[in-house]
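Below: one structure, written as structure tokens.
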């Protein structure tokens, strides 16, 4: 419990006293807020500028995938829920035809897959933006643990590198 409390206080201390921070969709530097497009005015470190530029690119790609995937899912759900039965007249006799919803639910699945493709881009954007802020503020970025999925013979292995 003490370790968790100490860690949370450390994180709060770091976020309160950093020179540049990200709040919402704005950059803050010395009490003044900047738009994300004005990052070149905020960052002076060339490595931080490169990381933030990469973060903006990843964010744009992720947003495109999320928008397209959400649109495909919305169309699929609308088609699936729009109607169940249609009455048509064939040779003077009314016939009830049930709508086939399999293609609509397939569209929902494809849309969810497209949104899933955009998630790694959004995560990479956050990671690069945080790294840019850390580089600009002069914080240490030496310790960067990560998980890696590797093939081990005929199976898969999940390894933690630190």
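The values are calculated or read from the model by the stated rules, or taken from the named source; none is laboratory data. Owing to the predicted nature of the structure, the values given are computational and were not obtained by experimental measurement. Glycine gets a Cβ as well: all are built from the backbone with ideal geometry, and neighbour counts include every protein chain shown.
Quick notes on this one:
- Tabulated pairs, the range 124-152, first at pLDDT 80 or above, second in a loop (DSSP other than H, G, I, E, B), C-beta under 6 angstrom, 6+ apart or interchain: 134/141; 135/45
- Against the conditions (1) surrounded by 12 or more Cβ atoms within 10 Å (Cβ to Cβ); (2) under 30 Å from residue 46 (Cα atoms); (3) at pLDDT below 95, residue 105 satisfies every one except (2).
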